[in-house]
Amino acid sequence: MSDDLRDEETYLAARAEQLAARMETEGVSRKGLLQLVGSALPLLAGGKPLAAPAPAAARTVGPPIRKPLPAEWFVPFGTNAETRWDSLAEVGYEVPNDRFFVRNHTATPTIDHRTWRLRVFGDGLRLRPGAGDAVEFSLRDLKRLRSRKLTALIECAGNGRSFFAGQQGTPAYGTQWALGGVGVAEWRGVPLSEVLERSGITKAAVDVLPQGLDANVVTGGVDLGKVRRPLPVDKALDDVLLAYEMNGVPLPPDHGFPVRLVVPGWVGIASVKWLGQIEVSTRPLFSPWNTTSYRMFGPDYPVDAPPLTNQPVKSALELPRGAVLPLGRRTTLTGRAWSGTAAIRRVEVSTDRGATWAAAKLYGPNRPGAWARWKFDVEPRSPGEHEVWVCATDEEGRSQPLSVPFNTFGYLYSAVVRHPVVVA
Ligand SMILES: Nc1nc2c(c(=O)[nH]1)N[C@H]1C(S)=C(S)[C@@H](COP(=O)(O)O)O[C@H]1N2
Ligand SMILES: [Mo]
């Protein structure tokens with residue numbers, strides 16, 4: 001495999017070709033793949049079998065999410081729960097751990113940090129003679145390495161999915177999140193690059209495959225195995241953190257205790273929780289999470305569209321939908337805006353359904369890979385039902401459109417969200 005695969009674009013193109021080749025060897029035509037995906041049957045699951053099982057055993061007992069989910073902070077969706085945006089009006093730049101959204105494919109596992117080990121293996125490592133077939137790190141080993149703090153946002157690729165139905169009349173398959181599948185925290189841990197270098201990563205490595213210790217994901221009668229999603233080596237060696245702290249305390253069970261990845265700017269699925277092992281490979285790797293899901297499918301996308309990487313530009317109001325704004329009195333609307341690629345340049349607000357826009361005031365930190373807070377004064381003069389529209393633009397000029405092309409799984413909804421309010 002050529003070194004060119006370390007370059008992200010070449011890499012993605014090569015991977016798309018490999019996917020197409022795999023589809024052929026597995027007897028699935030391009031049209032057939034579309035149909036499969038349309039009916040949400042993850043038949044292309046798998047990829048090559050894993051070299052070895054994870055060492056630490058995880059048990060699952062009790063409810064899928066461990067922490068309390070009070071109705072004033074969360075909207076629950078089975079194994080997932082989204083943060084209520086109106087509850088963020090009261091909090092600072094970071095979302096406190098007890099309000100941070102949870103996205104679990106199965107359930108939060110119980111992991112004993114004393115026996116937990118991170119196992120790094122694969123043909124992309126040069127292992128010391130006599131070192132066996134893998135390098136292992138205990139939690140104590142990781143904590144001995146120099147730590148780094150990283151304020152970063154994690155957002156589910158499906159965040160905002162419900163607006164495909166609600167605003168565009170085309171419901172998408174999956175959890176019907178409003179906008180609360182997102183949060184910013186201050187993470188602390190060890191750069192993934194440090195752990196990969198210490199494990200002996202070679203120049204020939206192109207893909208890194210982190211895998212969680214939570215239960216296998218079974219869907220439609222098909223066992224997809226453990227949650228795992230290949231990361232190009234460029235990204236893995238860039239800004240990815242192996243986090244063991246969230247907002248100054250050990251990672252809570254629901255957020256990946258004892259160690260998770262934090263992959264800044266990328267779709268949340270990249271930030272694998274309850275990390276158990278990392279394969280380092282000289283060939284592109286596949287899993288259901290970069291083949292049959294977390295890619296764009298649908299009539300507006302090519303069948304070999306690449307795996308999703310960065311999140312788009314979005315914004316949200318810290319206000320309940322249908323909130324009552326007092327007639328003739330000044331009210332300050334607040335919210336946040338973010339982009340998977342850059343800091344936020346400006347946020348504009350319209351109270352006349354897009355006819356005119358006015359700039360909101362950004363305040364506080366405005367970090368790439370996290371979010372910017374903003375406020376906007378309104379003094380409503382006509383009673384009745386209105387809408388507040390918010391449009392953010394990032395430092396690279398990406399803006400929120402008024403609508404976005406449909407995709408089957410409803411990923412990356414970045415259009416302006418029309419927020420209903422009542423003036424009375
Ligand atoms: N092992 C594992 N990692 C995982 C998941 C999972 O189900 N299992 N869900 C992913 C998805 S889809 C998202 S959006 C984020 C959510 O992180 P959070 O629950 O800490 O908010 O974790 C990712 N990491
Ligand atoms: Mo997600």
(request) For residue 375, go through the lysines and keep the ones whose alpha-carbon is under 22 Å away, minus same-chain ones fewer than eight residues off. (result) 314, 361
(request) Beta carbons within 10 angstrom, averaged per residue: use that to sort the peptides 273-280, 62-69, 250-257, highest first. (result) 273-280, 250-257, 62-69
(message) How big is the dipole moment of the stretch 314-423 about its Cα centre under a simple scheme where the beta carbon of each Lys and Arg is +1, that of each Asp and Glu is -1, and everything else is neutral? Debye, nearest 20, please.
(response) 220 debye
(request) With unit charges on the beta carbon (Lys/Arg positive, Asp/Glu negative), name the residue among 358, 369, 333 whose Cα is farthest towards the positive pole of the charge dipole of the stretch 331-424. (result) 369
(request) Taking only protein heavy atoms into account and a 1.4 Å probe, give the accessible area per residue of the stretch 305-411 in Å². (result) 45 Å²
(message) Please check: in the Gaussian network model of the chain (C-alpha springs, under 10 Å), which one of 123, 394, 214 has the largest mean-square fluctuation.
(response) 123
(request) Could you name the lysines whose alpha carbon sits less than 24 Å from that of residue 226, not counting residues in the same chain fewer than 8 places away? (result) 48, 67, 235, 273
(request) Please list 137-145, 385-393, 187-195 highest first by mean number of surrounding beta-carbon atoms within 10 Å per residue. (result) 187-195, 385-393, 137-145
(request) Sort 87-93, 266-272 for me by packing, meaning the mean count of neighbouring Cβ atoms within 10 Å per residue, highest on top. (result) 266-272, 87-93
(request) Please get the size of the charge dipole for the chain, origin at its Cα centre, with Cβ charges of +1 on Lys and Arg and -1 on Asp and Glu, quoted in debye to the nearest 20. (result) 780 debye
(message) Please enumerate, by chain and number, the aspartates and glutamates with C-alpha under 12 Å from the C-alpha of residue 149, excluding those fewer than 8 residues away in the same chain.
(response) 186, 239, 245
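Could you check how much of the accessible area of the chain is carbon and sulfur, as a whole percent, using a 1.4 Å probe?
After summing per-atom areas, the C and S share lands at 52 percent.
The values are calculated or read from the model by the stated rules, or taken from the named source; none is laboratory data. Every value quoted in this text rests on a predicted model; they were computed, and no experiment measured them. Cβ sites come from the backbone with ideal geometry, for glycine too, and all protein chains shown count toward neighbours. To get the accessible areas, we keep the full protein, side chains included, count just its heavy atoms, and leave off ligands, DNA and RNA. Shrake-Rupley method; radii C 1.70, N 1.55, O 1.52, S 1.80 Å.
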